[in-house]
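The structure appears right after this line, and notes come after that.
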Amino acid sequence: MATWRNWAGEQRCAPHAIERPRSEAELVEVVGRAADQGLGVRAVGSGHSFTDAACTDGVMVSLARMGAVLEADPASGLVRVQGGIVLGELALALAARGLALENQGDIDAQTISGAVSTATHGTGTGFVNLSGQLSALRLVTAAGEAVEVSEDDDPRAFRAARVAVGSLGVISELTLRCVPAFRIHRIDEPRPLAEVLAALEELADAHDHFEFFAFPYTDTALTLTSTRTEEPARPRDGRGAWIEEELVYNGVFGALTRLGRAFPTLVPSLNRLVTRMSSGSEQLDSSHRIYAHDRRVRFTEMEYGIPRQAAAIAIERVMDLVERRRLPVGFPIEVRFVAPDDALLSPSYERPTCYIAVHMTAGVEFESFFRAVEEIMREYGGRPHWGKRHYRTAADLAPAYPEWGAFQAVRARLDPTGVFTNDYAARVLGPVTR
Ligand SMILES: Cc1cc2nc3c(=O)[nH]c(=O)nc-3n(C[C@H](O)[C@H](O)[C@H](O)COP(=O)(O)OP(=O)(O)OC[C@H]3O[C@@H](n4cnc5c(N)ncnc54)[C@H](O)[C@@H]3O)c2cc1C
């Protein structure tokens, strides 16, 4: 029996088999065979979800051998890719054709299918999550056939399938709406947290992409302000680049989090040290090089989307929670903004959204902290990121999604017997109902 674990190493399962088809025809065969044998089927991408979204004891299907760009039309920006392509490879293939993704998250190790299936997002009040950048997809369904689902032919199914957490079928191909390649000028700088919170809405609206990290036990926020530009690329200044990559994301940060794990009472001082060392940096480069970072420090994470007008107060409450309970939270609280979209299960469904993420070093107790944060987020009508930890169930998620019933109707149509329902889907989406 095969074994599988996710990037963070915290979700493990023993699938009956792990299949790696080389073509859509092989994928159809794999799904059909599993369904005939009464086995569940779960697609897996790069395993970068913190939940058990990809786990199964049935057949796990990886599209690691289906990662090609099939067609690209630089004039329309429409690009058809196989479902297993990894975002970093996609970005390079697009750049070679003078194209880019309109927006991205902060890493590019995910597959495009895994990323859209959980509504993976970047930041920018004018930009929707990755699933909003699709114009069509092909789904291999429980009936063992490949169906094209597009906004023109079947808008309801398309809005369901864009963010379906693997529960409608296996996405074999996607057509993306790409944009002409562009560069971004990004300035990272420490600022007083109180000032950032007081001007949060203005800051978010004033820049193409705005986000910040708030460090518990300090008064400091590290803001990342990005503007799209026609200017030529400029290499990063060495010290700033080192500080950003090593201090905020990797080597030095990793060492400090290990120290904090061994001596939790040191965490407040370590956080103050990090903010004192961070002097800011500036870079101007192709969009995909600015968006994505290498993340070597292992952690677990919860992220909630709330209405953006509630952001400042919710962030203050999370900071207060950490400090009042003296929790050993060495990771900063990450705050991003996303435009509304219309995917039925998108956490930013029809509302301008602020995403607030909390992290905990791998191996440190996180549940009491995450549950307390979740309570705060629920008060603001929060919707959890589908790929990150949360404790919600179908019964209490349904009222948070105005078109929950419409999603379930599409699910019952495409997967009437629940072939694609794993434990996670059963918990957060409930059983297939007809
Ligand atoms: C270090 C790190 C940084 C991250 N940064 C961000 C960020 O900036 N923004 C953000 O929003 N999220 C972020 N995430 C979360 C991540 O983007 C999501 O969890 C994403 O779903 C992971 O993609 P994956 O390819 O690893 O998919 P997996 O985690 O393997 O799978 C995710 C879901 O997609 C389904 N799926 C995968 N492939 C298919 C397919 N072919 N057909 C149908 N369903 C499929 C799976 O069944 C599962 O339900 C981050 C995660 C990590 C570990």
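The values are calculated or read from the model by the stated rules, or taken from the named source; none is laboratory data. Just so it is clear, the structure is predicted and the values come from calculations on it, not from any experiment. Because the Cβ atoms are built from the backbone with ideal geometry, glycine has one as well, and the counts that use them run over all protein chains shown.
Here are the numbers:
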read-out: Number of the condition not met by residue 26 [criteria: (1) surrounded by fewer than 17 Cβ atoms within 10 Å (Cβ to Cβ); (2) outside any loop (DSSP other than H, G, I, E, B); (3) within 21 Å of the chain's Cα centre (by Cα)]; value: (3)
read-out: Filter result (under 30 Å from residue 410 (Cα atoms) and β-branched (Val, Ile, Thr)) within region 325-355; value: 338, 353
read-out: Among the residues listed as 403, 379, 334, 375, the single one being away from the ligand (no atom under 16 Å from the Cβ), closer than 30 Å to residue 205 by Cβ and in contact with a strand residue (DSSP E or B) (Cβ under 8 Å, 6 or more places away or on another chain); value: 403
read-out: Leading residue by the ranking (surrounded by the fewest Cβ atoms within 10 Å (Cβ to Cβ)) among those in region 2-17 that are more than 12 Å from the ligand (Cβ to nearest atom) and not in a loop (DSSP other than H, G, I, E, B); value: 12
read-out: Number of positions in region 1-24 that are out of contact with any Cys (no Cβ under 9 Å at 6 or more places or on another chain) and under 17 Å from residue 300 (Cα atoms); value: 4
read-out: Test: residue in region 50-57 that is among the charged types (D, E, K, R), assigned to a loop (DSSP other than H, G, I, E, B) and near the ligand (Cβ under 10 Å from one of its atoms); value: yes
read-out: Filtered residues of region 270-324 (kept if of a type outside the set (A, V, I, L, M, F, W, C) and without any contact (Cβ under 8 Å) to a residue 24 or more places away in the chain); value: 276, 289, 320, 324
read-out: From the options 75, 143, residue that is farther than 28 Å from residue 423 by Cα and either away from the ligand (no atom under 12 Å from the Cβ) or polar (S, T, N, Q) (or both); value: 75
read-out: Subset of region 340-391 (residues that are small (Gly, Ala, Ser) and farther than 16 Å from residue 329 by Cα); value: 343, 346, 348, 381, 382, 387
read-out: Checking residue 434 against (1) within 19 Å of residue 382 (Cα to Cα); (2) at pLDDT below 95, the condition it does not meet; value: (1)
read-out: Any hit, region 112-120, residues being modelled with pLDDT of 95 or more, more than 9 Å from the ligand (Cβ to nearest atom) and of a type outside the set (Val, Ile, Thr); value: no
read-out: In region 94-111, residue surrounded by the fewest Cβ atoms within 10 Å (Cβ to Cβ) [restricted to those that are within 7 Å of the ligand (Cβ to nearest atom) and not hydrophobic (A, V, I, L, M, F, W, C)]; value: 106
read-out: Which listed residue is surrounded by fewer than 20 Cβ atoms within 10 Å (Cβ to Cβ), under 26 Å from residue 257 (Cα atoms) and of a type outside the set (Phe, Trp, Tyr), from 303, 365, 350; value: 365
read-out: Selection from region 150-174 of residues that are more than 25 Å from residue 384 (Cβ to Cβ) and touching a Leu at 6+ places or on another chain (Cβ under 6 Å); value: 172
read-out: Unmet requirement for residue 205, which otherwise passes all of (1) under 22 Å from residue 338 (Cβ atoms); (2) buried (at least 20 other Cβ atoms within 10 Å of the Cβ); value: (2)
read-out: Leading residue by the ranking (nearest to the chain's Cα centre (by Cα)) among those in region 32-47 that are near the ligand (Cβ under 9 Å from one of its atoms) and crowded, with 23+ Cβ neighbours inside 10 Å; value: 45
read-out: Unique match (being surrounded by fewer than 23 Cβ atoms within 10 Å (Cβ to Cβ), more than 16 Å from the chain's Cα centre (by Cα) and either under 28 Å from residue 351 (Cα atoms) or of a type in the set (Ser, Thr, Tyr) (or both)) among 58, 77, 67; value: 77
